[in-house]
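Visitor: If you scroll down you'll find the structure; I have some questions about it.
The values are calculated or read from the model by the stated rules, or taken from the named source; none is laboratory data. Source: prediction; values computed, not measured. Cβ placement follows ideal geometry from the backbone for every residue including glycine, while neighbour counts extend to all protein chains displayed. Remember, those area values only see protein heavy atoms, side chains included, never the ligands or the DNA or RNA. Shrake-Rupley method; radii C 1.70, N 1.55, O 1.52, S 1.80 Å.
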Protein chains: 2
Amino acid sequence: MPTPTAARQQSLREQNLALVARAVFDAPRPPSRAAVAHHTGLTRATVSSLVDLLVRAGIVAELAPRAPKSAGRPAVPLVAAPRTIVGLGLELNVDYVAGRVVDLAGTTVAEAVQPGDFHDTDPTAALGLVGQLARALVTDVEAQGMRVAGARLALPGLVDVRHDRLQVAPNLGWSTLDPLPLLGLPDDVPAHVANEANLAGLAQLRPARTVGTVDTVDTAHDDAPGPGTSSYLYVSGDVGIGAAIVVDGELWLGRHGWGGEIGHVVVDPAGTRCRCGATGCLEQSAGKAALLRAAGLPSSSTADDLARAADDGDPRALAALASAGLALGTVLAGTINLLDLDTVLLGGIYAVLADHLVPTVRAELDARVLASPWAPVGVRTAPVSDYAATTGGAQDVLRAVVESPSALVEEARA
Amino acid sequence: MPTPTAARQQSLREQNLALVARAVFDAPRPPSRAAVAHHTGLTRATVSSLVDLLVRAGIVAELAPRAPKSAGRPAVPLVAAPRTIVGLGLELNVDYVAGRVVDLAGTTVAEAVQPGDFHDTDPTAALGLVGQLARALVTDVEAQGMRVAGARLALPGLVDVRHDRLQVAPNLGWSTLDPLPLLGLPDDVPAHVANEANLAGLAQLRPARTVGTVDTVDTAHDDAPGPGTSSYLYVSGDVGIGAAIVVDGELWLGRHGWGGEIGHVVVDPAGTRCRCGATGCLEQSAGKAALLRAAGLPSSSTADDLARAADDGDPRALAALASAGLALGTVLAGTINLLDLDTVLLGGIYAVLADHLVPTVRAELDARVLASPWAPVGVRTAPVSDYAATTGGAQDVLRAVVESPSALVEEARA
DNA sequence: CCGTTTATGTTTAACGGAACAACTAATAGG
DNA sequence: CCTATTAGTTGTTCCGTTAAACATAAACGG
């Protein structure tokens with residue numbers, strides 16, 4: 001929701017700074033100032049002036065000129081500045097806490113994971129642990145001269161993004177909680193809370209090009225949603241089932257940030273009772289627990305165990321996956337009928353089980369989506385999977401930086 | 001999606017013109033230039049200059065100064081200009097064609113309805129009839145000195161808004177069709193096609209204050225969604241079931257404009273076969289035909305007949321409504337879980353049957369919406385009902401005018 | 001009755017930012 | 001070495017907003 005407010009000269013700067021930054025960030029290869037000018041419609045003069053500001057603010061960096069291949073003055077390639085401004089993504093989930101620091105180039109510059117079992121534990125202790133991990137990451141990267149522009153804490157539950165409050169997290173057994181103060185983050189790191197599946201969905205937008213602490217050659221992901229498909233539905237299966245609705249690169253949050261609770265969409269009104277109090281929720285048909293139970297596996301098994309059983313031809317495993325795929329496909333079809341999205345990305349345990357689920361899901365979508373004859377819905381495995389919410393959280397911080405660079409630009413000028 | 005483009009000085013004008021126009025249009029009472037300045041954050045000088053342009057373009061009008069009650073120079077009240085720029089909403093439905101002309105003040109200045117049965121008729125003839133009706137309306141209001149800024153044609157089917165094409169309209173028996181050329185509208189009236197339920201949903205945003213061709217005293221609707229609830233889900237029941245997802249006053253269209261097809265969301269995968277080819281669609285549980293059949297009424301009956309039967313205590317009618325309400329509530333709950341909206345408006349036959357449906361729907365929402373303990377979902381009757389899509393279409397035209405007034409402003413200056 | 005107060009609306013100069021055009025820079029190719 | 005070509009910079013102009021002074025029109029209060 002673009003807050004309708006008075007547009008001043010400064011707004012032009014703001015908007016054009018963001019425009020230029022996006023042009024540099026989204027270009028397939030490092031563009032010159034002239035290329036940016038051509039792409040944005042701004043004049044070369046204006047672009048030069050804006051790029052200078054972005055460079056001084058540490059948002060954009062110049063590369064050494066490439067050996068020129070054609071006539072004319074060689075261009076100065078521009079890239080997203082590496083290791084200057086970074087975002088911090090944090091995640092507290094049922095069986096681990098994790099943090100990841102990502103820079104503007106999309107590189108993970110630091111990360112930390114700590115396994116645990118946080119079901120029914122004390123929120124103060126668990127969030128204190130996240131805070132400890134986060135502070136360690138912050139001091140680490142700040143010692144390397146980077147600046148942490150903000151933090152996002154991903155939680156598996158209903159999160160009121162307006163007030164940064166957790167309403168309820170059934171899988172943690174928590175409710176009504178203000179998590180941020182418990183983290184003890186430095187005051188100059190503005191933090192927000194978000195839903196885990198939402199942030200994980202956001203991470204799919206720009207699959208990291210380089211991973212690790214050393215810059216390496218770009219390894220473009222093949223099955224990454226390329227530019228143009230910046231609208232999709234990301235579905236993440238685990239204990240619960242969450243989703244992210246991403247439209248034109250922006251997350252759908254709804255009025256409070258409670259959007260995407262696909263796990264509690266009804267499959268069968270007469271179905272089994274769900275922890276949420278209702279009956280026949282998707283979670284009861286295609287959640288991890290339901291899957292393992294139907295496959296006859298112990299509840300401590302992993303999605304990999306189930307995948308192996310299915311690969312080995314275990315009939316119960318295959319039946320469980322067929323049934324879950326049907327339920328998932330039914331709900332996805334309804335969602336697509338409502339929202340007219342053209343791509344579904346499967347994440348979490350569904351990414352692991354994709355081989356067995358995708359055919360069923362795809363068939364169900366083809367049969368039930370009214371518009372599928374004219375625009376078939378694509379079903380793919382999500383390109384980013386491990387601790388995706390931390391990546392998404394960090395990227396969300398950086399997105400905010402790129403969308404309104406003037407704060408940093410102003411600061412750099414002083 | 002705000003197309004990211006270079007911001008020039010002119011963009012400031014554009015944006016601030018729209019800002020001022022909205023401020024005038026949305027104010028509870030005619031505001032002065034100073035009030036607009038205060039509300040928008042612009043200076044009085046800038047507002048004056050912008051208002052002058054809007055007045056000259058025929059978008060805003062000055063009223064005679066009210067007798068002042070307090071000290072200071074009396075204010076000049078500003079209002080949306082009546083009877084200058086108007087929008088034309090057209091609708092072709094199964095049993096009628098209709099057209100409505102609405103001005104910027106929200107007043108219907110001309111309308112025409114012609115009953116008929118267009119099921120399985122020739123599209124060329126039916127659309128020709130709409131065109132005839134439309135041209136008559138245009139010449140009528142143009143003779144009165146008004147200017148038709150554009151037209152919207154509402155159709156009950158899948159409409160590709162990008163290409164103004166009708167993909168399929170099951171209830172009309174039509175498919176793959178470019179309707180606009182068949183209307184024969186004047187070239188200076190830019191027209192677009194849209195889904196009927198989508199436009200009807202848009203009409204709920206600003207219930208018309210005055211109806212008829214003579215300006216009368218404002219009759220504010222009590223159950224109108226006041227300002228602040230410009231986000232809601234509108235559901236329209238008829239032969240088919242359509243919906244409009246309205247967020248912050250804007251319609252959710254999806255990638256192609258096929259959003260809101262709630263009628264084909266699955267209620268019961270094992271249910272009866274639907275015309276769309278799938279099974280157990282909501283339309284088969286809560287559509288008009290299903291309702292009448294379950295109530296034991298002839299298929300030619302109206303919603304009013306059913307309402308009367310229920311009022312009289314007819315057990316079959318009551319059972320039919322209970323069952324439909326359950327199905328509707330289930331699907332709405334899933335929708336709210338996905339989208340986190342806080343209001344549902346019932347339109348079409350559901351408005352007529354509201355007394356019998358609302359309790360069931362509300363109970364289902366309370367039980368199945370995960371977030372309902374923290375933000376109960378409101379269920380209300382849609383304030384605009386008769387030929388709502390024509391009103392919504394006309395308003396959509398005018399919305400476009402207000403959002404980018406510079407075209408008209410430029411023209412007025414020449 | 002007339003100055004004072006108060007609020008509305010208009011005029012003026014100044015400022016900030018983008019466009020435009022002319023310029024310099026750096027290279028390939030003949 | 002000269003020309004064509006492309007990249008980036010510099011100074012000017014134009015445009016829209018702001019800020020502040022000014023004009024206008026009423027109520028208020030002696």
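Visitor: Identify, from the list B:114, B:132, the residue that is modelled with pLDDT of 95 or more, in a strand (DSSP E or B), over 19 Å from residue B:205 (Cβ atoms) and open to solvent by 10 Å² or more (accessible area, probe 1.4 Å).
Guide: Just a single option satisfies the conditions, and that option is B:114.
Visitor: Here's another thing I want to ask about it. Restricting attention to segment A:385-414, which residues are acidic (Asp, Glu) and not in a helix (DSSP H, G or I)?
Guide: Within segment A:385-414, A:386 is the sole residue that qualifies.
Visitor: Those residues that are in contact (Cβ under 8 Å) with a residue 60 or more places away in the chain and either touching a His at 6+ places or on another chain (Cβ under 8 Å) or facing chain A (nearest Cβ under 7 Å) (or both), I need them from segment B:324-341; list them, please.
Guide: Once the filter is applied, which keeps residues that are in contact (Cβ under 8 Å) with a residue 60 or more places away in the chain and either touching a His at 6+ places or on another chain (Cβ under 8 Å) or facing chain A (nearest Cβ under 7 Å) (or both), segment B:324-341 yields B:330, B:334, B:335, B:339, B:341.
Visitor: Hey, another quick one. Would you mind finding the one in A:139, A:124, A:108 that is open to solvent by less than 20 Å² (accessible area, probe 1.4 Å) and among the hydroxyl-bearing types (Ser, Thr, Tyr)?
Guide: One residue alone meets the criteria, A:108.
Visitor: Can you find even one residue in segment A:45-61 that is more than 25 Å from residue A:85 (Cα to Cα), more than 10 Å from every other protein chain (Cβ to nearest Cβ) and open to solvent by 10 Å² or more (accessible area, probe 1.4 Å)?
Guide: Within segment A:45-61, one or more residues are more than 25 Å from residue A:85 (Cα to Cα), more than 10 Å from every other protein chain (Cβ to nearest Cβ) and open to solvent by 10 Å² or more (accessible area, probe 1.4 Å).
Visitor: Still on this structure, I have one more. Using beta carbons and a limit of 8 Å, which pairs, at least six apart or on different chains, have the first residue in segment A:37-58 and of a type outside the set (A, V, I, L, M, F, W, C) and the second one near DNA strand C (Cβ under 6 Å from one of its atoms)?
Guide: A:40/A:16; A:40/B:6; A:41/B:6; A:46/A:16
Visitor: Being within 8 Å of DNA strand D (Cβ to nearest atom) and either more than 29 Å from the chain's Cα centre (by Cα) or closer than 14 Å to residue B:4 by Cα (or both) is the filter here, so list the residues in segment A:38-63 that pass it.
Guide: Within segment A:38-63, A:38, A:43, A:44, A:45, A:47, A:48, A:49, A:52 meet the criteria.
Visitor: Here's something else I'd like to know. Quick check: anything in segment A:34-44 at positive phi and more than 16 Å from DNA strand C (Cβ to nearest atom)?
Guide: No, that holds for no residue.
Visitor: State whether the residues of segment B:68-91 include one that is among the basic types (Lys, Arg) and farther than 30 Å from residue B:409 by Cα.
Guide: Looking through segment B:68-91, at least one residue is among the basic types (Lys, Arg) and farther than 30 Å from residue B:409 by Cα.
Visitor: Regarding residue B:17, is this residue within 10 Å of DNA strand C (Cβ to nearest atom) and within 16 Å of residue B:409 (Cβ to Cβ)?
Guide: Answer is no for this residue.
Visitor: Something else now. Could you tell me whether segment B:9-21 includes any residue that is at pLDDT below 95 and more than 26 Å from residue B:85 (Cα to Cα)?
Guide: The answer is yes, given that some residue of segment B:9-21 is at pLDDT below 95 and more than 26 Å from residue B:85 (Cα to Cα).
Let's see how each residue does on (1) aromatic (Phe, Trp, Tyr); (2) crowded, with 21+ Cβ neighbours inside 10 Å; (3) more than 12 Å from residue B:364 (Cα to Cα):
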{"position": "B:278", "(1), (2), (3)": "no, yes, yes"}
{"position": "B:284", "(1), (2), (3)": "no, yes, yes"}
{"position": "B:288", "(1), (2), (3)": "no, yes, yes"}
{"position": "B:291", "(1), (2), (3)": "no, yes, yes"}
{"position": "B:300", "(1), (2), (3)": "no, no, yes"}
{"position": "B:314", "(1), (2), (3)": "no, no, yes"}
{"position": "B:322", "(1), (2), (3)": "no, no, no"}
{"position": "B:337", "(1), (2), (3)": "no, yes, yes"}
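Visitor: Moving to a separate point now. Quick check on segment B:231-240: of everything there that is more than 10 Å from chain A (Cβ to nearest Cβ) and either free of Cβ contacts under 8 Å to residues at least 60 places away in the same chain or assigned to a loop (DSSP other than H, G, I, E, B) (or both), which residue is surrounded by the most Cβ atoms within 10 Å (Cβ to Cβ)?
Guide: Among those that are more than 10 Å from chain A (Cβ to nearest Cβ) and either free of Cβ contacts under 8 Å to residues at least 60 places away in the same chain or assigned to a loop (DSSP other than H, G, I, E, B) (or both), it is B:240.
Visitor: Can you tell me which of (1) in contact (Cβ under 8 Å) with a residue 40 or more places away in the chain; (2) in contact with a helix residue (DSSP H, G or I) (Cβ under 9 Å, 6 or more places away or on another chain); (3) more than 8 Å from DNA strand C (Cβ to nearest atom) is the one residue B:76 doesn't meet?
Guide: Unmet condition: (3).
Visitor: Quick check on segment A:248-264. Is at least one of its residues surrounded by 24 or more Cβ atoms within 10 Å (Cβ to Cβ), touching a Phe, Trp or Tyr at 6+ places or on another chain (Cβ under 6 Å) and either in a loop (DSSP other than H, G, I, E, B) or not acidic (Asp, Glu) (or both)?
Guide: So far as segment A:248-264 goes, yes, one or more of its residues are surrounded by 24 or more Cβ atoms within 10 Å (Cβ to Cβ), touching a Phe, Trp or Tyr at 6+ places or on another chain (Cβ under 6 Å) and either in a loop (DSSP other than H, G, I, E, B) or not acidic (Asp, Glu) (or both).
Visitor: Against the definition (buried (at least 19 other Cβ atoms within 10 Å of the Cβ), part of a strand (DSSP E or B) and in contact with a helix residue (DSSP H, G or I) (Cβ under 8 Å, 6 or more places away or on another chain)), how does residue A:150 come out, yes or no?
Guide: The answer is yes for residue A:150.
Visitor: Step by step: first the residues of segment A:6-37, then only those that are of a type in the set (Lys, Arg) and within 13 Å of DNA strand D (Cβ to nearest atom), then the one that is surrounded by the fewest Cβ atoms within 10 Å (Cβ to Cβ). Which residue is that?
Guide: A:29
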